[in-house]
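Trainee: Here you go, one structure.
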Amino acid sequence: MAKKEVKRERSVAYPYASWSDCLDFIKQIDSFKASQVSYDEAARKWGVSVQAPSFKAKLSASRQFGLIETSGNVISLSSYAKKLLYPTGNDEPQITLECFANPPLYSKLIGVYNGKALPTETVLSNVMMNDYAIARNAKDAAAKFFVTNATEMGFVRAGVLDYSLNEDAKNKNYSFEIMTEVIDEKSPLVKSDYDVKPIVKTFSENENDYITQIIPTESGKVARMMIPLDVTEDDLWLIRDTLDLVMKRKFRINVD
């Protein structure tokens with residue numbers, strides 16, 4: 001009687017290397033001083049084969065965090081990696097913020113746990129298996145690396161997931177581009193046939209003067225809302241009306 005083949009349980013992608021390992025990985029790739037590096041040469045640098053679990057883990061995690069790009073067994077550093085390796089300003093906090101939410105699994109977990117106490121790794125691993133299609137044999141490692149990476153990247157504070165810029169970064173001045181629209185005063189906001197003139201303004205503000213909310217999206221990118229601390233009730237209604245307007249114009253959603 002032929003032995004029945006046991007199918008291996010498949011799992012959705014998750015980083016199974018630490019952030020510090022990924023930073024070491026891009027440093028090693030950069031040491032070749034080449035725009036592209038083959039898998040074989042990169043693995044040889046560590047004295048392992050391409051199939052070695054340690055190499056595959058660093059390669060996969062670095063790609064998921066957006067630090068590298070791969071094509072045809074060739075590795076190239078992303079713009080994120082280059083800015084971390086060769087900084088020209090205080091870009092690291094913002095890059096780290098975006099890299100942490102880059103893996104789709106992490107983006108979803110941020111949406112659930114941001115601002116809340118993280119569960120134990122045992123509970124988190126079960127959540128990953130039951131709700132996010134992580135295989136049973138991978139759930140413990142997935143949970144361990146999520147907590148490890150959140151901690152290494154500075155997003156766990158007193159046991160709470162705080163997906164925001166750290167205090168040092170908040171005290172820096174950053175430049176933001178704000179897109180605004182000037183609406184023809186003759187046309188009501190609820191109509192879609194008004195004239196619009198786009199205006200782009202760049203300004204520098206101190207983030208301590210604002211309430212900042214980071215909102216992960218399904219694409220893996222993040223939306224960022226900044227509201228001044230001295231905002232009035234009328235200001236808040238204007239902000240809400242502006243969001244309603246975007247919903248009506250871009251997505252044709254009735255928010256009335």
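Trainee: Got a sec to turn the phi values of the stretch 96-102 into Karplus ³J(HN,Hα) couplings, 6.51 cos²θ - 1.76 cosθ + 1.60 with θ = phi - 60°, whole Hz, x for Gly and Pro?
Mentor: Rounded to whole hertz, the list is 4, 4, 6, 5, 4, 8, 5.
Trainee: Let me ask something else about it. Round to the nearest 0.05 the FRET efficiency obtained for ALA117 and ALA34 when R0 = 45 Å and r is the Cβ-Cβ distance. Numbers along the way, then the final one.
Mentor: Numbers: r = 45 Å, r/R0 = 1.00.
After rounding to 0.05, the efficiency reads 0.50.
Trainee: Using modelled backbone amide H atoms (1.01 Å from N, in-plane), which distant-in-sequence or interchain residues come within less than 5 Å of ILE75's amide H?
Mentor: The list, which skips near neighbours in sequence, is VAL37, SER38, TYR39.
Trainee: Which of GLN94, LEU105, ALA117 sits farthest toward the positive end of the charge dipole of the stretch 82-140, with +1 on the Cβ of Lys and Arg and -1 on the Cβ of Asp and Glu?
Mentor: Checked the options; the winner is LEU105.
Trainee: Using the Kirkwood radius over Cα pairs, work out the Stokes-Einstein diffusion coefficient for the stretch 14-86 at 37 °C and 0.692 mPa s, in µm²/s as a whole number.
Mentor: Details: Rh = 11.9 Å.
Calculated translational D: 276 µm²/s.
Trainee: How large is the Rg to Rh ratio of the stretch 1-143 when both quantities use alpha carbon positions and Rh follows Kirkwood? Each step should come with its number before you reach the end.
Mentor: Numbers: Rg = 17.3 Å, Rh = 16.8 Å.
Result: Rg/Rh = 1.03.
Trainee: Could you sort the peptides 11-17, 57-63 by per-residue average Cβ neighbour count (10 Å cutoff), highest mean leading? Don't skip to the end; give the middle numbers.
Mentor: Working: 11-17: 20.1, 57-63: 22.4.
Most protected by this proxy first, the peptides run 57-63, 11-17.
Read-outs throughout are calculated quantities, based only on the coordinates presented, and are distinct from any laboratory measurement. Predicted model, so just to flag it, every value in this text is computed and none were measured. Neighbour counts run over all protein chains shown; Cβ positions are idealised from the backbone, glycine included.
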